[in-house]
Amino acid sequence: MGIKVAVIGAGTMGHALALVYALGGHEVRLTDSAMATLDKAGPLMETALATLVQAGEAPAERDAEWLHAKVTRLPTLAETVEGADLIVEAIIEKPDAKRVLFDQIDAVAPMDAIIASNTSYLDPFPLIPARRQQRAIIMHWYTPPYLVDLVDIVGGPECDPACVAFARELCLAMGKAPVVMRRFVPGYIANRVQSAIGLEIQKLLDDGVATAEEIDTAIIEGIALRLPILGMLAKADFTGLPFMQASLSNRMYEPPPVRGKCEAVDALVAEGRTGVMAGAGFYDWGGQDPAALFEARDRRLMELKRAIRRIGTMAGQGRSA
């Protein structure tokens, strides 16, 4: 049974989440405070949907006409949240902006609606009006959410556990992989682990130990091959926990501290090499169309997902201690 979902914010995550919920069989309304962003959301959703259909990851009948029947773009917040069962907040990661939006939602949204923030590092619960706290949760997705299945779910301090259970079941029904956390921590699990890896990489770059390509080769050929099948802790079980003990006791250096900057990154940004959208970052993307590069990334991710579904994982074969 589909529900009514209101997505607030039509940018990078918002329009993609609207597509995810539509593909999950739900009625979606989408809005944004900037009409230009809302206008761009339609073509962006169409392109992503077409890629999924072409790869066989969405039914062939899911075309642009179907999409626009499922996702309605509306200019006002009040129209968007009217009758909503789930309200998804997907705006900029700034406390003041979120506080204003939550107050606006409080003024016009149904009292029984669940308010779900997609925040990454910011604790949204102190920003949400008191009378909404029992139905306030975090549902944090990863980009692109129509391919990356992980969803972090966190209930607020006063949240009704039934809301968390509802969110988890909703994600499972859409084929996603929800992880329910006992409390909010900035970055959740995946981003915190990724940040720790990032700190080490930044130090390797700044110390001139290896090039960007060499570092990526070490990650792809050494770490990434095993992670999709084993994760980190099942991998440790296969290696043997005494080895982990020995590695910890014999540690020869301290992990790099959080410095708040990386000279290698600062130098690239100063040169205008800000990433794929600029045509260059750590790599020179050779003037290739960013849309084509994103599509190529998505196709590779879909092929990898299909392979993992076929192969299966080892972590799921044991029970967590």
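The values are calculated or read from the model by the stated rules, or taken from the named source; none is laboratory data. Quick caveat: nothing in here was measured; it's all calculated off a predicted structure. Glycine gets a Cβ as well: all are built from the backbone with ideal geometry, and neighbour counts include every protein chain shown.
A quick yes/no check of all residues on (1) touching a residue at least 60 places away in the same chain (Cβ under 8 Å); (2) surrounded by 14 or more Cβ atoms within 10 Å (Cβ to Cβ); (3) touching a His at 6+ places or on another chain (Cβ under 9 Å); (4) not in a helix (DSSP H, G or I):
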| residue | (1), (2), (3), (4) |
| --- | --- |
| A16 | yes, yes, no, no |
| A22 | no, yes, no, no |
| T47 | yes, yes, no, no |
| T51 | yes, yes, no, no |
| E57 | yes, yes, no, yes |
| A60 | no, no, no, yes |
* Of residues in region 227-251 being part of a loop (DSSP other than H, G, I, E, B) and free of Cβ contacts under 8 Å to residues at least 60 places away in the same chain, the one farthest from I197 (Cα to Cα) -> G240
* Structure fact -> Given the conditions (1) charged (D, E, K, R); (2) touching an Asp or Glu at 6+ places or on another chain (Cβ under 6 Å); (3) within 15 Å of L101 (Cβ to Cβ), every one holds for D32 apart from (2)
* **Condition check for A10: buried (at least 23 other Cβ atoms within 10 Å of the Cβ), farther than 17 Å from I91 by Cα, in contact with a Lys or Arg (Cβ under 8 Å, 6 or more places away or on another chain) and of a type outside the set (S, T, N, Q)** => no
* Which members of region 278-293 meet the condition of being in contact (Cβ under 8 Å) with a residue 24 or more places away in the chain and either within 19 Å of the chain's Cα centre (by Cα) or not in a loop (DSSP other than H, G, I, E, B) (or both)? -> A291
* Of I87, I91, I105, which residue is among the β-branched types (V, I, T), surrounded by 14 or more Cβ atoms within 10 Å (Cβ to Cβ) and part of a loop (DSSP other than H, G, I, E, B)? -> I91
* To do: Would you tally the residues in region 247-277 being farther than 27 Å from D149 by Cβ and either buried (at least 16 other Cβ atoms within 10 Å of the Cβ) or touching a helix residue (DSSP H, G or I) at 6+ places or on another chain (Cβ under 9 Å) (or both)?
  => 14
* Look at G275 and say whether it is in contact (Cβ under 8 Å) with a residue 12 or more places away in the chain and closer than 30 Å to A50 by Cβ. => no
* Identify the single condition in (1) in contact with a helix residue (DSSP H, G or I) (Cβ under 7 Å, 6 or more places away or on another chain); (2) closer than 16 Å to G156 by Cβ that A90 does not satisfy, given that it satisfies every other one. => (2)
* Where P126 falls short, out of the listed (1) modelled with pLDDT under 95; (2) out of contact with any Leu (no Cβ under 8 Å at 6 or more places or on another chain); (3) not aromatic (F, W, Y) -> (1)
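Matching residues to (1) of a type in the set (A, V, I, L, M, F, W, C); (2) under 22 Å from the mean Cα position of the chain (by Cα):
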residue: A55; (1), (2): yes, yes
residue: P75; (1), (2): no, no
residue: L127; (1), (2): yes, yes
residue: A130; (1), (2): yes, no
* Unmet requirement for G155, which otherwise passes all of (1) more than 12 Å from the chain's Cα centre (by Cα); (2) surrounded by fewer than 23 Cβ atoms within 10 Å (Cβ to Cβ); (3) farther than 17 Å from R99 by Cα -> (2)
* To do: Consider A162 carefully, then state whether it is in contact with a strand residue (DSSP E or B) (Cβ under 7 Å, 6 or more places away or on another chain), modelled with pLDDT of 95 or more and not in a strand (DSSP E or B).
  => no
* **Pair list, Cβ under 9 Å, 6 or more apart: region 108-132 residue among the acidic types (D, E), other residue assigned to a loop (DSSP other than H, G, I, E, B) and surrounded by fewer than 15 Cβ atoms within 10 Å (Cβ to Cβ)** => D123/P186
* Would a scan of region 252-274 turn up a residue that is in contact with a Ser or Thr (Cβ under 8 Å, 6 or more places away or on another chain), assigned to a helix (DSSP H, G or I) and modelled with pLDDT of 85 or more? -> yes
